[in-house]
Amino acid sequence: MSLESVPPKYAQLVQALQRRIESGTYPPGSLLPSEHQLIQEFSVSRPTVVAALRVLREQGWIESQQGKGRFVRGRPAMAAVEPNRPGQAYLTNPETSTPGELIEAGAVALPNRVAALLDAQPKSKAFLRRRVVIRDSEPTEQVSLWLPLELSEGTSLTSGEPLREGIREHLRSRKGVRFDHIVEQITARMPTAQEAKQLGMPKNVPLLAVFGAVRDASGRPLVVVEVLLPADRHELEDAYPVS
């Protein structure tokens, strides 16, 4: 069983409408399609549409006017704040943007947690690309990228050279896949002896393990990125509106 699921239908509708607002398909001041039109276009139920519109209204993307309908306000200021999301950062930024050392690249047996995130059988084979990031001449985090073997074929992920483009763009251009959404999970655990050595950290200091599970619009798993952060060197910050 997967440790995460595809976002519920109302959340997918929220994301779709947000993308249209951001792209200018629904510019500020324009009238949003009616509930009936959204039901027909997205093949969802009325409760799904109502829930999505409520979220958009509460977040400030749209406003309701009695007897007239719902109008687009645009991207709210708070939504423009980009939180510090390690998983997403390593999928977007090229490896050449940060110094580091590639310590593993090849087919390996999947650990149980990653297998669940990829909807794969435990211990089945997948491609792993693992890198230690170095800042100020010291190792600061370990980044592991897991993906199905067929998705790694014909890409530069198998190369020992650092990638000059982000994973997301590289897989889009080489394999034609498009990332739709990421679900992040954060856990804390003690490092293994090997991890402590690679990260130059004491064995009695815990790690923050950030898992980013990437899926396409159909819900198909594409990539899992795992970022290991020594807890005494990092803090995670998020920002969100209070309704």
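The values are calculated or read from the model by the stated rules, or taken from the named source; none is laboratory data. Not measured: the values here are computed from a predicted model. Please note: Cβ atoms are built from the backbone with ideal geometry, for glycine as well, and neighbour counts cover all protein chains shown.
Before we move on, is Leu149 in contact (Cβ under 8 Å) with a residue 12 or more places away in the chain, touching a Leu at 6+ places or on another chain (Cβ under 6 Å) and within 24 Å of Ala116 (Cβ to Cβ)?
no
Which members of segment 77-95 meet the condition of being modelled with pLDDT under 85, surrounded by 15 or more Cβ atoms within 10 Å (Cβ to Cβ) and touching a Phe, Trp or Tyr at 6+ places or on another chain (Cβ under 8 Å)?
Of everything in segment 77-95, those that are modelled with pLDDT under 85, surrounded by 15 or more Cβ atoms within 10 Å (Cβ to Cβ) and touching a Phe, Trp or Tyr at 6+ places or on another chain (Cβ under 8 Å) turn out to be Ala79, Gly87.
Checking Glu138 against (1) without any contact (Cβ under 8 Å) to a residue 12 or more places away in the chain; (2) farther than 21 Å from Thr92 by Cβ; (3) of a type in the set (D, E, K, R): exactly one of these is not met. Which one?
The failed condition is (1).
Please state which of the following conditions Arg220 fails to meet, knowing it meets all the rest: (1) modelled with pLDDT under 90; (2) surrounded by fewer than 12 Cβ atoms within 10 Å (Cβ to Cβ).
Unmet condition: (2).
Would you confirm, using the coordinates I've provided, whether Glu169 is surrounded by fewer than 18 Cβ atoms within 10 Å (Cβ to Cβ) and under 16 Å from Gln88 (Cα atoms)?
Considered against the rule, which asks whether it is surrounded by fewer than 18 Cβ atoms within 10 Å (Cβ to Cβ) and under 16 Å from Gln88 (Cα atoms), Glu169 comes out as yes.
Considering only helices (runs of 4 or more DSSP H) fully contained in segment 2-71, which possess at least 3 residues that are surrounded by 17 or more Cβ atoms within 10 Å (Cβ to Cβ) and at pLDDT below 90?
Details: elements: 9-23, 35-42, 46-59.
The qualifying helices (runs of 4 or more DSSP H) are 9-23, 46-59.
So Leu102 fits all but one of (1) in contact with a Lys or Arg (Cβ under 6 Å, 6 or more places away or on another chain); (2) surrounded by fewer than 17 Cβ atoms within 10 Å (Cβ to Cβ); (3) over 18 Å from Ala89 (Cα atoms); what number is the exception?
Only one criterion in (1) in contact with a Lys or Arg (Cβ under 6 Å, 6 or more places away or on another chain); (2) surrounded by fewer than 17 Cβ atoms within 10 Å (Cβ to Cβ); (3) over 18 Å from Ala89 (Cα atoms) is unmet by Leu102, namely (3).
Search segment 157-178 for residues that are within 14 Å of Leu222 (Cα to Cα) and pair each with any residue that is assigned to a loop (DSSP other than H, G, I, E, B) and small (Gly, Ala, Ser) when their beta-carbon atoms are under 9 Å apart and the residues are at least 6 apart or on different chains.
Close Cβ pairs (under 9 Å, with a partner that is assigned to a loop (DSSP other than H, G, I, E, B) and small (Gly, Ala, Ser)) amount to Arg174/Gly154; Lys175/Gly154; Arg178/Ala217.
What residue, among those in segment 104-163 that are assigned to a strand (DSSP E or B) and among the acidic types (Asp, Glu), is farthest from Gly212 (Cα to Cα)?
Glu138
Where the second residue is part of a loop (DSSP other than H, G, I, E, B) and the first is closer than 17 Å to Ala115 by Cα and lies in segment 185-214, which pairs have Cβ atoms under 6 Å and are six or more apart or on separate chains?
Cβ pairs passing all conditions: Ala213/Glu4; Val214/Phe179.
Given Ala209, Ala213, which one is among the hydrophobic types (A, V, I, L, M, F, W, C), over 29 Å from Leu13 (Cα atoms), at pLDDT below 95 and in contact with an Asp or Glu (Cβ under 7 Å, 6 or more places away or on another chain)?
None of the other options fit; the residue is Ala209.
To keep it simple, each residue is scored yes or no on (1) touching a Lys or Arg at 6+ places or on another chain (Cβ under 9 Å); (2) not polar (S, T, N, Q); (3) not in a helix (DSSP H, G or I).
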{"residue": "Val177", "(1), (2), (3)": "yes, yes, yes"}
{"residue": "Glu184", "(1), (2), (3)": "yes, yes, yes"}
{"residue": "Ser218", "(1), (2), (3)": "no, no, yes"}
{"residue": "Leu222", "(1), (2), (3)": "yes, yes, yes"}
{"residue": "Glu226", "(1), (2), (3)": "yes, yes, yes"}
{"residue": "His234", "(1), (2), (3)": "no, yes, yes"}
